[in-house]
Structure formats: structure tokens, C-alpha cells
1. Keeping all protein chains in place, calculate the accessible area per residue for segment 176-232 (probe 1.4 angstrom), answer in Å².
2. Given Cβ point charges of +1 (Lys, Arg) and -1 (Asp, Glu) and nothing else, what value in debye, to the nearest 20, does the dipole of segment 55-193 about its Cα centre take?
3. With the contact rule set at Cα under 8 Å and sequence spacing of 6 or more, what percent relative contact order holds for segment 137-236?
4. Which order, highest average first, do 94-106, 164-176 follow once you tally other Cβ atoms within 10 Å for each residue and take the mean per peptide?
5. Could you work out how far helix 53-64 tilts from the main Cα principal axis of the chain, as a 0 to 90 degree angle to the nearest 10?
6. Would you mind checking the radius of gyration and Dmax of segment 1-40 based on alpha-carbon positions, in Å?
7. What is the distance in Å between the Cα centroid of segment 132-177 and that of segment 186-221?
8. Any chance you could list P(r) for segment 43-85, counting all Cα-Cα pairs in 5 angstrom bins from zero, rounded to whole %?
Amino acid sequence: MRHLLNITDLTVDEIKLVLELSQRDPASLGRPLAESDGTPKGAALIFEKPSNRTRHSMEIAVVQLGGHPVYTRGEEVGFDVRESVEDIARIMSGYHGVLAARVFKHSVVARLAMSSTVPVINMLSDLSHPLQALADIITMEEHAGPISGLTVAWIGDYNNVARSLAEAVCLLGGTISLGCPSAYDADDDELARLASLGGAVRQSASPQEAIAGADVVHTDTWISMGQEEESAIRRKIFSKYCVDASLMSLAAPNAKFMHCMPAHRGEEVSADVFDGPNSVVIQ
């Protein structure tokens, strides 16, 4: 049995297989989330941390693969409040063919995986966002070409989204260029770990240096859910990291812009970039 908690839980060949399967008509993939008699298997989608895109994409994906999605809010399970994470995993894996969880702490989804008798998928934690990275890789290859030939810039906080994206780019032989302020960047051990995955890694506190020549530029909100108390200090620190037209002009000609959303025009990205002709955010 396999779990998907981090992008590195997949081999390079498996990531490439996911990319290949993603280009197929869903009807051609069969019904891997159905029993042999066609009965849909359950898929528990546990949202301790709410989401717009993740809920819709996961529910549609489960249906396309022959399963039956069951959306569950965090307060309905109450990790370690109503019940222990381990008890929840044991009970739900008796009902379902797969568990997926969007959580605040990575330790919660890791504990689910340790106690579940069915595969567990991380829909987001404070450490990783592997499904977002897969979606980003698919989008970049569709609009910019094979990852192995791309320089991918990340501007802003080295957060969970950045970490999974960097892992995926490195595994596929691309170059990841991080532009992060001090104390919100990847430390030396993390940079070495990324480089060991097979790609090229560079980092600068200067967003201008990080974006120079990039084929694709990514950013994310400066203030994620759960960081509201840090709003004032984060806006001050990240104020020089807005991806605007001036900054984008330093990237490669026709460089694509991406954002995992929700976005805040006028903060981490200007409206003319977010809604501009080189933006593939919505795709």
C-alpha cells in the first residue's frame, strides 16, 4: 500500500506516468475507485482547512474514477478533540477505499497514514502540497514545455506550495530559482536536499536576481490561513516581492505567470500580471 504525503513519495517515472495519464480522456482510465461489480468505493475527503479548488477538483476526480466522494469538515471529525487521529483513520478506512485530508499540521496526515488500512492522500499540510505541485507541473508542460528545459522562479515565502513545487521541478531535471526574504527562505540543508533530487537549485534574497531569465514565475499569498496575526509584519517584509510588470520584464520573453490562489491583486501580484496575456493561473 502506498500513500501520497509528499511529491517525493513518487518516483520520477511515476510522476511522468501521472503527467501522461492526465492527458487522456478520463473515460479511458477505467474505474479504479469502483468495486469489481461496479459499486463505487467511498473516498473520504477531510477538510480541516477549507478550500474552494481542492474540494471541487477532488470530488470531480473521485467521480471520474468511479468512486463516491464524502466531504467532511474538520469539526465533524475533530482531530484529537472528538477522537484521536488514529481512531479516525481506523474507522474511516473501514468505510472507504481512500482517505484524503487537508490539514494544518503535517503530523496529522502522517498519523492518518500510519493507522489507515487504505491509501492516504495529502490535500495540503503546513509542510507539503503535492497535488498542487502535480497540477502546476501539468500546466507548465502544457504551456511552456518539458520541465527539464525550464527555469522556474518562485517569488515570496518558501512555504508548503513552494517546497512541493521545488521538489517536483528538481525531480524532473529542471531549475528552481527561489527569491525569498531572509528568515522566509530555504536553509542550506533544504537547498542541498533539493539539489540531491536531480535538478539545479539557486536562491537569492533579490527577487530581481531570482526571476532573471525564468521561463515560468510562481508566487503565492503572503498570508496563509492561520497566519493572520502576522499580517502586518509579513506585508512589510514582502512588500518588495510583488510580482508586477517591472519584475516580470526580467524573466524570459513570453514567460508564464502562475499562482495557486486565492490571490490578492496589489499585494503579491499586480492585477496587470495576474490578468495579463501571459498568465495561466486559471488554467
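The values are calculated or read from the model by the stated rules, or taken from the named source; none is laboratory data. Because the structure is a prediction, the values reported are computed rather than measured. Cβ atoms come from the backbone with ideal geometry, glycine included; neighbour counts cover every protein chain shown. For accessibility, only protein heavy atoms count, side chains too; no ligands or nucleic acids. Shrake-Rupley method; radii C 1.70, N 1.55, O 1.52, S 1.80 Å.
1. With all protein chains present, segment 176-232 gives 45 Å² per residue.
2. 420 debye
3. Averaging sequence separation for qualifying contacts and normalising by length gives 32 percent for segment 137-236.
4. 164-176, 94-106
5. 50 degrees
6. 12.7, 34
7. 10 Å
8. With 5 Å bins starting at 0, P(r) equals 6, 23, 27, 20, 14, 9, 2.
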